[in-house]
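See structure below.
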Amino acid sequence: MTNLISFLKRTDWFYLALILFAIAFPLSESLISISMGLILVTAFFGFNKNRIQELKQKNNVHFVVGIYLIYLVSCLLCNDWHWGLYDLRKSLAYLIIPLAFIFGSTISVKQLKTILIVFVVAVIISSLITLVSYLISDKSVLSFQKAGFIHHIRFGIQLNLAIIICLVLYLSGFRNLTNFEKFFYIFLVLFLFIVVFINQSLTGLFMLGGLVLVGVFMIINLIKRKWQRRVLLFILVFIILFPAFYIYRAIERFYDVEEIDFAALEEKTSLGNVYHHDLNNKFLENGNYVGLYICEEELKQAWDNRSENKVDDLTKNGYPIRETLKRYLTSKGLRKDAEGVNALSEEDITNVTKGIANYIFADKKFSIYPRVYVSIWELDRYLKTGDANNQSISQRFEYTKAALHIIKRNFWFGVGTGNWKKAYYDAYVAIGSKMSPDRYGDAHNQYLNYMVKFGIIGLLLILFLIVYPVINSKRYKNPIILLFLIAMALSNFGDSNLETHVGGALFVFFYCLFLSSEEWIIFPKKELSR
């Protein structure tokens, strides 16, 4: 019994709780909540008078609590307490995690590296499980996002963070690593790169592109030899130009439409039935018009003969089979008649019943093009109709319009915590949005969301509370911290990540971990001068 008590006293339970927290991020939202409570409990129970001196070394972490206080003060002034309390609950990470790091034991460099490695391993395990689930599923475009444990945007952020950690660990220990270890690190980075692309989160891809640009730029500043700098500059230009050229070619391909003489369109099918040509329908699928060569009678009869799911039923993802079938046939350059339906393979029939509206969404399983195509298709539809419903990219335009409408009228201090829900609803009505009320949402941009709630004053104050401790402690000199902050800053343009359960906890956890642990000198000056 004495040995057990002695063991319990010697064990650093706070450190073990941090390891559990790192494991939780890519695997379970519920475990994140449990881990958040555990690190606070273990920090308080492990605190003693010998650690009072350590509190002075962690004074920079106190600033994060200020973000929660902004929510709290704003909530006291809100009109809708239901949503005000909802915001306070959702933002608890900004209170609980900093307090845990303030009262918890100081994390050594060795412990820090262990936590980071455990996090990378957890991300890889989550990636492998998700990848297997994806491969045994329908493997259509974006289905990987639905196979994971957490939201794909937050998972994309974690993938990028894992890449940063692997690269920094590789470069910092390069001289002491065996050839096998070097190869293994490179293999992990390449694997994580691939998963970022398979995940097809535009936010994750945007982050990755930005990090690569910053990383190459940082390396250029460290290199002395001119020819090496020139090579890296060429790579830097390529990184910028290649995505731009790829998107340009994808848009050009989307609008590469064969010229059609609308006055000379065929009037009857091969079976003698009349075609309907909807000349007002300008929607495209792979350069073909969806509204041309439609024979509803033949379409229904031919489909019902080939599938147990009738043409007037819904697909597995809730869309009408009839409309999905028309788009699918158009994507293959087939007419919407019996001949077109009969030309479909059994796999095509299955794809339509699943709700796959274009054959490229099923065939190009590991290509980024289907994701780019979806974005172009959504924007094309939005520009032609103004309807953004059920379209991820297009809805963001409406979200932004609504946010800017609110900000113009509440520029300095915002509408306050809890009042944003009604403010957004009123904004959508005021701008005449065609979105269904059940699709109304916030800006999906963290900076705009902060301005809506707290105004420009609140936004600048929050940015100060995040940036000042890093500058004051000079931790920005550590590349892993700098890259982490850049990654999060980029991700916040694509979603309100800091106000989500996973995103907020992830940011505060690693922010406090990097800021309160023993200082880790990544690249010693002696090595840089060699």
Can you list the aspartates and glutamates whose alpha carbon is less than 15 Å from that of residue 453, not counting same-chain residues fewer than 8 positions off? 80, 87, 426, 442, 499
What fraction of the Cα pairs in region 212-263, stated in percent, has a spacing above 17 angstrom? 55
I need the calculated FRET efficiency for the pair residue 276 and residue 241, taking r as the beta carbon distance and R₀ as 45 Å, to the nearest 0.05. 0.50
Write down the Å³ per residue value for the convex hull defined by the alpha carbon atoms of region 455-509. 84
Percent of C-alpha pairs per 20 Å bin, the chain, short to long: 18, 46, 28, 7, 0
The chain, dipole about Cα centre (Lys/Arg Cβ +1, Asp/Glu Cβ -1), debye to the nearest 20: 3220
Rounded to two decimal places and with Rh computed the Kirkwood way over Cα pairs, what is Rg over Rh for region 194-288? 1.31
Could you go through region 145-160 in sequence order and give the Karplus-derived ³J(HN,Hα) for each residue, using 6.51 cos²θ - 1.76 cosθ + 1.60 with θ = phi - 60°, rounded to whole Hz, and x for Gly and Pro? 5, 8, 8, x, 7, 10, 4, 5, 5, 5, 5, x, 5, 5, 4, 5
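Could you give the length gained by full extension between residue 393 and residue 28, i.e. 0.36 nm per residue of separation minus their alpha carbon distance, to one decimal place?
In short, 128.7 nm is gained.
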Looking only at aspartates and glutamates whose Cα falls under 17 Å of residue 110's and that sit 8 or more positions away or on another chain, we get 12, 518, 519
Gyration tensor verdict on region 250-354 (Cα atoms; rounded if a/c is under 1.5, prolate if a/b is larger than b/c, oblate otherwise): oblate
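Could you please state how large a percent of the accessible area of region 408-480 is carbon and sulfur, counting protein chains only and using a 1.4 Å probe?
Here carbon and sulfur together make up 63 percent of the probe-accessible area.
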Under the rule of -39500 (n - 2.57) per DSSP H run of 4 or more residues, summed and divided by the residues of the chain, what mean residue ellipticity at 222 nm is obtained, to the nearest 500 deg cm²/dmol? -21500 deg cm²/dmol
For region 383-530, the Cα-Cα pair-distance distribution in 5 Å bins from 0, as whole percents, is 2, 9, 16, 17, 15, 12, 10, 7, 5, 4, 2, 1, 0
In nm, to one decimal, how far is the residue 231 label point from the residue 255 one, both placed 7 Å along Cα→Cβ? 4.0
Please give the length that would be gained between residue 339 and residue 72 if that part of the chain were fully extended, namely 0.36 nm times their separation in residues minus their C-alpha to C-alpha distance (nm, one decimal). 89.7 nm
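Pulled fully out, how much extra length does the chain show between residue 218 and residue 16, if you take 0.36 nm times their separation in residues and subtract their Cα-Cα distance?
Details: separation 202, 0.36 × 202 = 72.72 nm, distance 3.41 nm.
Additional length available on full extension: 69.3 nm.
Over the chain, with the other protein chains present, what is the accessible area per residue in square angstrom, probe 1.4 angstrom?
Accessible surface, normalised per residue, equals 50 Å².
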Return one quarter of the surface area of the convex hull spanned by the alpha-carbon atoms of region 233-309, equal to its mean projected area, in nm². 8.6
What distance in nm separates the two pseudo spin-label positions at residue 323 and residue 347, each 7 Å out from Cα along the beta-carbon direction? 2.8
Quick one: Cα centre-to-centre distance for region 140-181 and region 194-208, in angstrom? 11
The value for region 177-230 (convex hull of the alpha-carbon atoms, volume per residue, Å³) is 102
Computed over the Cα atoms of region 348-453, what is the convex hull's projected area averaged over all directions, in nm²? 8.2
Surrounding charge for residue 449, neighbours by C-beta under 9 angstrom, Lys/Arg +1, Asp/Glu -1, total -1
Exceeding 26 Å between C-alpha atoms, which entries from my cross-link table qualify? They are 226/477; 316/401; 182/477; 282/422. 316/401; 282/422
In whole Hz and in residue order, list the ³J(HN,Hα) couplings for region 269-285 that follow from phi through the Karplus curve 6.51 cos²θ - 1.76 cosθ + 1.60, θ = phi - 60°; x for Gly and Pro. 6, 5, 8, x, 8, 7, 7, 10, 10, 8, 6, 7, 8, 9, 6, 10, 9
Cα extents of region 84-132 along the three principal axes, largest first (Å): 40, 31, 8
By the mean-Cβ-within-10 Å protection proxy, highest first, 206-215, 342-351 rank as 206-215, 342-351
Which value in Å does the Kirkwood hydrodynamic radius of region 106-246 take, with 1/r averaged over all unlike C-alpha pairs and then inverted? 16.7
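The values are calculated or read from the model by the stated rules, or taken from the named source; none is laboratory data. Just so it is clear, the model here is predicted, and its values are computed rather than measured. With ideal geometry, Cβ positions are generated from the backbone for all residues, glycine too; neighbour counts draw on all protein chains shown. Just so you know, the surface numbers come from the protein's heavy atoms only, side chains and all, with ligands and any DNA or RNA stripped out. Shrake-Rupley method; radii C 1.70, N 1.55, O 1.52, S 1.80 Å.
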